[in-house]
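Student: I have a structure here, written as structure tokens, and I will follow up with some questions on it.
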Ligand SMILES: NC(=O)c1ccc[n+]([C@@H]2O[C@H](COP(=O)([O-])OP(=O)(O)OC[C@H]3O[C@@H](n4cnc5c(N)ncnc54)[C@H](OP(=O)(O)O)[C@@H]3O)[C@@H](O)[C@H]2O)c1
């Protein structure tokens, strides 16, 4: 079995997690809505991840909704002591599977309790406030009211640590005046590098950066350069994309999503892939428009 014992670690709140983790969003049904076609296959992916050494799983109660968290509970509860489950609040699903903001104090409180119940926990390790001014990317606007509500839930002992998702540097600074921010989760991969400067700033401060859509998400990465590099290294393009992120900065924690045990194994093996400097230079040119 693939194991990631050699993976380097970085602090997520008060615990050092392995930098190769797992994002559970792909376990729900098509469009992250409803149950998966094969629930046993979803449970197998989660069990394989933990057996391989993953101790950081990313989720939300709005995946499904409720489905992904219930699968995590069924597959893994009682949880290993070292497992850190990170969830997110701030959105809800419409009946048509749309993604809607859910930022009121009542909605955030409800979401925290939904996560606790469906995951079978008394306290959530890390909760990201998923900002929804623009669902597709960070947009300016004050996060004071919802983050204050979340910080109060932390004061009540329902949450250990708070993070932010889909945010700008200005919002991170505003957030830090309200409560400690242990991680930032934004859209980033080798073709989408708007957060380059932010990642380096967070690395200097010791804050984890968790790229979502590390493989391109709903539109998987496609690039002739990426394919060529992969072929030269005897790896798959997705493994190269993950190896590039792994090498990009020490504070990057990877949460690639997959519903397949075979893809999970391939993804976890990416930490061991050595990327020579000239191949990194070629990959760096992808975001500059030379695909
Ligand atoms: N904060 C936010 O707003 C936000 C937004 C989106 C996601 N997230 C989190 O980030 C995690 C990662 O993002 P993501 O799952 O959306 O996208 P992703 O990791 O970029 O890509 C997932 C896609 O890549 C495919 N894939 C995975 N491994 C592969 C491999 N080795 N070879 C070929 N295809 C492969 C998956 O299909 P298969 O299932 O067939 O492998 C799936 O279609 C999510 O699971 C979620 O926890 C957060």
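The values are calculated or read from the model by the stated rules, or taken from the named source; none is laboratory data. These figures come from a predicted structure and were not determined experimentally. Positions of Cβ are generated from backbone atoms using ideal geometry, with glycine treated the same way; all protein chains shown enter the neighbour counts.
Student: Can we say residue 233 is touching a helix residue (DSSP H, G or I) at 6+ places or on another chain (Cβ under 7 Å) and surrounded by fewer than 20 Cβ atoms within 10 Å (Cβ to Cβ)?
Tutor: yes
Student: Looking at the stretch 230-247 only, could you name the residues that are away from the ligand (no atom under 15 Å from the Cβ) and closer than 23 Å to residue 209 by Cβ?
Tutor: Within the stretch 230-247, 247 is the sole residue that qualifies.
Student: Additional query: So which of 172, 143, 178, 159 ends up being under 23 Å from residue 17 (Cβ atoms), touching a helix residue (DSSP H, G or I) at 6+ places or on another chain (Cβ under 6 Å) and at pLDDT 95 or above?
Tutor: Sole residue among the options that is under 23 Å from residue 17 (Cβ atoms), touching a helix residue (DSSP H, G or I) at 6+ places or on another chain (Cβ under 6 Å) and at pLDDT 95 or above: 159.
Student: Taking only the stretch 173-198 into account, find how many residues are away from the ligand (no atom under 14 Å from the Cβ) and surrounded by 20 or more Cβ atoms within 10 Å (Cβ to Cβ).
Tutor: 3
Student: Residue 250 passes all but one of (1) more than 16 Å from the ligand (Cβ to nearest atom); (2) modelled with pLDDT of 95 or more; (3) more than 17 Å from the chain's Cα centre (by Cα); which number fails?
Tutor: Condition (3) is where residue 250 drops out.
Student: Considering only the stretch 105-153, state which residues are touching a strand residue (DSSP E or B) at 6+ places or on another chain (Cβ under 6 Å) and closer than 19 Å to residue 213 by Cα.
Tutor: Hits for the stretch 105-153 are 127, 128, 129, 130, 132, 135.
Student: Sticking with this one: Considering only the stretch 196-218, I want to know if a residue exists there that is under 22 Å from residue 65 (Cα atoms) and at pLDDT below 95.
Tutor: Yes, there is a match, as at least one residue in the stretch 196-218 is under 22 Å from residue 65 (Cα atoms) and at pLDDT below 95.
Student: Please tell me if residue 128 is at negative phi, out of contact with any helix residue (DSSP H, G or I) (no Cβ under 9 Å at 6 or more places or on another chain) and surrounded by 23 or more Cβ atoms within 10 Å (Cβ to Cβ).
Tutor: It is true that residue 128 is at negative phi, out of contact with any helix residue (DSSP H, G or I) (no Cβ under 9 Å at 6 or more places or on another chain) and surrounded by 23 or more Cβ atoms within 10 Å (Cβ to Cβ).
Student: Okay, moving on. Given the structure, is residue 84 under 17 Å from the mean Cα position of the chain (by Cα) and more than 12 Å from the ligand (Cβ to nearest atom)?
Tutor: yes
Student: Which of (1) surrounded by 21 or more Cβ atoms within 10 Å (Cβ to Cβ); (2) under 30 Å from residue 64 (Cβ atoms) does residue 226 not meet, given it meets every other one?
Tutor: (2)
Student: Sort through 150, 158 and tell me the only one that's farther than 24 Å from residue 192 by Cβ and touching a residue at least 60 places away in the same chain (Cβ under 8 Å).
Tutor: 150
Student: Hey, another quick one. Looking at the stretch 253-288, which of its residues are surrounded by fewer than 20 Cβ atoms within 10 Å (Cβ to Cβ) and within 9 Å of the ligand (Cβ to nearest atom)?
Tutor: If the condition is that a residue be surrounded by fewer than 20 Cβ atoms within 10 Å (Cβ to Cβ) and within 9 Å of the ligand (Cβ to nearest atom), then 259, 260, 262, 263, 265, 266 are the ones that fit.
Student: Given (1) within 29 Å of residue 149 (Cβ to Cβ); (2) outside any loop (DSSP other than H, G, I, E, B); (3) within 12 Å of the ligand (Cβ to nearest atom), where does residue 11 come up short, assuming only one miss?
Tutor: Unmet condition: (3).
Student: To continue, here is another question. Residue by residue through the stretch 208-229, note down the ones that are more than 8 Å from the ligand (Cβ to nearest atom), in contact with a helix residue (DSSP H, G or I) (Cβ under 7 Å, 6 or more places away or on another chain) and within 27 Å of residue 40 (Cα to Cα).
Tutor: Once the filter is applied, which keeps residues that are more than 8 Å from the ligand (Cβ to nearest atom), in contact with a helix residue (DSSP H, G or I) (Cβ under 7 Å, 6 or more places away or on another chain) and within 27 Å of residue 40 (Cα to Cα), the stretch 208-229 yields nothing.
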